[in-house]
Structure formats: structure tokens, C-alpha cells
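A short worksheet on the structure shown next.
The values are calculated or read from the model by the stated rules, or taken from the named source; none is laboratory data. Not measured: the values here are computed from a predicted model. Here the Cβ is made from the backbone with ideal geometry for all residues, glycine too, and neighbour counts use every protein chain on show. Surface accessibility is based on the protein's heavy atoms, side chains included, excluding ligands, DNA and RNA. Shrake-Rupley method; radii C 1.70, N 1.55, O 1.52, S 1.80 Å.
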Amino acid sequence: MLNDKIKKLEEKYRKTYLGYWKDFHQHPELSFNEIRTSSKVAEILGSMGISVKREVGYTGVTGLLEGAEKGPVIGLRADMDALKINERTGCDFVSENRGIMHACGHDAHTAMLLGAAHILSEMRERIAGSVKFIFQPAEENSPSGGAAGMIREGVLENPEVSAVLGLHVWPTLETGQLGIKQGVMSAASDRLKITIKGKSCHAAYPEEGIDAVVIASEVISALQTLISRNVSPLDSAVITIGKLSGGTRYNIVADRVDLDGTVRTFLPETRDMLSRKIEKITKATVESMGGTCEIEYQRGYPPIMNDPGVTSILRKTITDLVGSEGLYEVETPDPGGEDFAYFSEKVPSVFVWLGCKPKGVAVENFPKVHNNRFLPDEKALNIGVKYFCSSTLDLMNDLQK
Ligand SMILES: [Zn+2]
Ligand SMILES: [Zn+2]
């Protein structure tokens, strides 16, 4: 019954929220700079009679929709920021801000949540509980990010939020699929910076110096061995040194090399173990070759932990929405970081993947997120909007029991 109502209202508002999507896509803004986006969001929420708070965690916006009766408070989260990428999608609502692009689909997340707000506010009379709409800045800004700031400023209080739900457009899943998993859903994403210092000398007399380039190559290999020999084959982890710089000239032994990389893990114990061993092995390797080093291990986003109870309720929601063939059981969590994790640390939360690859297109032919050609299938958005609405009502209903 409620699902029929949601379906009808989704059709009624489809043009409206697709319009928001295209508008946000055309006007992307970088992390903590979501000025226009957050104003639009606040204005749209306000027009529905939802009580709006601005500047929650800098550029964040929240809206509180109170149902006709009292009940649990469900938080729905969307992120709003874009990336420093030059768009090459060739779509007819291409970015007007040169060099900035919604390449992670956060424009779609924001538009879908606004679509859900339209629908749920029209269903207010039938809602026993409240919905807190959380529009978050700076998801891409690891390690600080926008979620932590909103939580610090009380987004989960007044009224107290019982659960938070979120989603991400997912280019490896087809439109019509929703991916869910209980437990770990994304990796912890940490930053690793290592400065190696040696002693420079003429390239022809290396015995007079300490070669920081050679030391750096030993360190990089040692770090890879750390993964293969210390992380169980049943667990997994990644250390990538994405940037390496050092030296001054081809015929001078380098006295300094800087390594900059990222460490991804799924289990807290693996994360602690790696951060300890990275330090130990790097120091030992560098010192055994006569150099010195500085190591900076910066903790970024923790892993998202999907709550088992809420996950099982939402499995049913998803099946009702897209059928059992649309329910995708995620086996391996995503090695990418996602700061929705901070919500999942505080209250029972579930993050799902919304398939957005058009039907029939091969995975390898569909551009992934952070690619300058990434654009989610428009048809995926209506599933996301309906998912936001029915997951909220299902969960509210269950928490009431
Ligand atoms: Zn991203
Ligand atoms: Zn993203």
C-alpha cells in the first residue's frame, strides 16, 4: 500500500528531482565550498515546510520532517561535493565550472535525497516518526571529511537519530540492482608519508654518499612484502605509494626522497598491525643502509560497518523494490574510503550500492567513479529515490515494534 503511494509520488516528482540533478551537475563545487549547492538544498527543503538548519559542519544542511505521530528518527544522508577533474562526458548538462566535475555522483545523491524529501513530506500524515535529511559537505576531503564535523555539531542529536541510511551510485552494478552487505562495507583509508634522508655526492663515487633513491626502492619492496607475509589471505589490505619524488640531477646521488601513499584495510586489528609494522620495517630498512627517515601515518576514514539488524530489514525492502534478482549480496567490501563510516560508528547504519550502469553495457566499457567520463544512468535515480523512502518507512515501522 505504502509502496504504491511511493511509486505514484516518485512519478509525480521525477522531473523535479532530475532537474535538480542536472542543475547540480552543471554547477559542481569542491569540498567545503558547496555554497551554491547548500543554498539550493536549503531553499528546496524550506519550500516543503521542512525545518532547515544551515551551516551544520561548515556547509552542511539538515532538514527535519516530523510525521503526524511520534516515533523513531531516521537519518538519511547524501554528500554534496565534486572533484577537481575536467569533465569529458559530453552530456548536455556538462559542468560549467571549468576543471570541476561531479565525477563521484554526489550530485545524484543530493538530488535523490531531495526527491525523497518531496515524497515523504507529502506522506507526512501517514508517518509515525521523523526523518532527518543530512546533506553533508566534503566527503572527498579525506582525512578530515564533512561527516565528522556534522556529528561534532550535533547532527545526530535534537532529536536523537536512531539509525542512518546512505547510498552510493555504483558503476559496476547494473541499474535495477542494489548491493548490500552486513558488517564491513568499505575500507579504512589512511595516508602514509615517508621522508628518507641520505647524503649526496658525485654519482661516480657512490661510496662517499648515502643513496636515498636506492633506500627508497628497498623500502617500497619491504612494504609490499609486509602485505604478502603479514596479512592473512582471507583478509586483505593495500599499500600503494602513489607518489615518489627526490634527487636533484641525474649525476648526483640523491640525499632525499619523499614517498606519499595510502594504506587500505578492512579490519581494525589489521589496521593497527600495519601502522606499527610499517614504521618498524621502514626504520630498520633505512637505518641498515645508513640513512635516516621520518614517517607520518595519518589515520583517515574508518571502515563503514553495516548494522546486522538494519541490514536484514533492508534486504526485504530491496527485494520488495527490485525483486530478488535485483538484490546483490556484496561479498568483498570496497577498498575505497567513505566517510559515511563516521555515522556507522555512532548509530546503527547501513550503506548500500545503487547500480547505475545501463543494462547491457559491459563493466569494462562503463567509466567508473572519479573518471572524467563517469555519468550514472538516469534510470537509476528513481530506484534510489524509492529506496530512500521505503527503507525509511520500513525501518521506522520495525523500530516501533
Ligand atoms: Zn569519490
Ligand atoms: Zn563518492
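Here are the numbers for the structure shown:
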quantity	calculated
Scattering curve values for the range 249-389, log₁₀ I(q)/I(0), Debye with Cα scatterers, q = 0.16, 0.18, 0.20 Å⁻¹	-1.03, -1.18, -1.33
Accessible surface of residue 21 - all protein chains present, 1.4 Å probe, nearest 10 Å²	0
P(r), alpha carbons of the range 167-249 - 5 Å bins starting at zero, rounded %	3, 10, 15, 15, 12, 11, 10, 8, 6, 4, 3, 2, 1
Sequence of 88, 315, 98 from largest to smallest accessible area, 1.4 Å probe	98, 88, 315
Mean shadow area of the chain, taken as a quarter of the surface of its Cα convex hull (nm²)	21.3
Alpha carbon centroid spacing (whole Å) that separates the range 68-111 from the range 298-333	21
Contour excess over end-to-end distance, with Cα ends at residue 296 and residue 122 and 0.36 nm allotted per residue	57.5 nm
Percent of beta bridges antiparallel (DSSP, the chain, rounded to nearest 5)	65
Largest to smallest principal axis extent of the C-alpha atoms in the range 51-133, angstrom	48, 27, 15
Exposed GluC sites (Glu not before Pro) absent: longest stretch of the chain, with sites in DSSP loops and at most 14 other Cβ within 10 Å deemed exposed	161-324
Accessible area of the chain belonging to carbon and sulfur atoms, whole % at 1.4 Å probe	49
Helix-only mean residue ellipticity at 222 nm for the chain, each DSSP H run of n ≥ 4 adding -39500 (n - 2.57), per residue, nearest 500	-12000 deg cm²/dmol
Protein-only accessible surface order, largest first, of 40, 15 at 1.4 Å	15, 40
Degrees between helix 35-47 axis and first principal axis of the chain (Cα, 0 to 90, nearest 10)	20
Interatomic Cα distance distribution for the range 121-178, bins of 10 angstrom, percent	17, 36, 33, 14, 0
Rg and Dmax [Cα atoms of the range 52-197; Å; Rg one decimal, Dmax integer]	17.6, 67
Kirkwood-Stokes translational diffusion coefficient of the range 241-330, alpha-carbon pairs, 20 °C, 1.002 mPa s, µm²/s	122
Whole-Å semi-axes of the ellipsoid equivalent to the range 135-292 (Cα gyration tensor, √5λ, descending)	41, 18, 15
Once the Cα gyration tensor of the range 232-289 is diagonalised, semi-axes √(5λ) in Å	29, 14, 8
Nearest-20 debye value, the chain charge dipole, Cβ charges on Lys, Arg, Asp, Glu	380
Accessible surface of residue 280 - all protein chains present, 1.4 Å probe, nearest 10 Å²	150
Residue-normalised accessible area of the range 53-200, given per residue in Å² at a 1.4 Å probe	34
On Cα atoms only, tilt of 106-122 relative to the major axis of the chain in degrees	20
Loop-located trypsin sites (Lys or Arg not before Pro) in the range 216-274 whose Cβ has at most 16 other Cβ within 10 Å (DSSP)	249
Rounded accessible area of residue 346 (nearest 10 Å², 1.4 Å probe)	130
Enclosed volume per residue, in Å³, of the convex hull spanned by Cα atoms of the range 308-401	127
Where the range 226-338 is the region considered: accessible area per residue in Å², 1.4 Å probe	54
In degrees, nearest ten, helix 268-288 long axis to first principal axis of the chain (Cα)	20
Cα gyration tensor shape of the range 1-111, rounded if a/c is under 1.5, else prolate or oblate by comparing a/b with b/c	oblate
Relative contact order (%) - criterion: Cα under 8 Å, at least six apart; region: the range 258-369	29
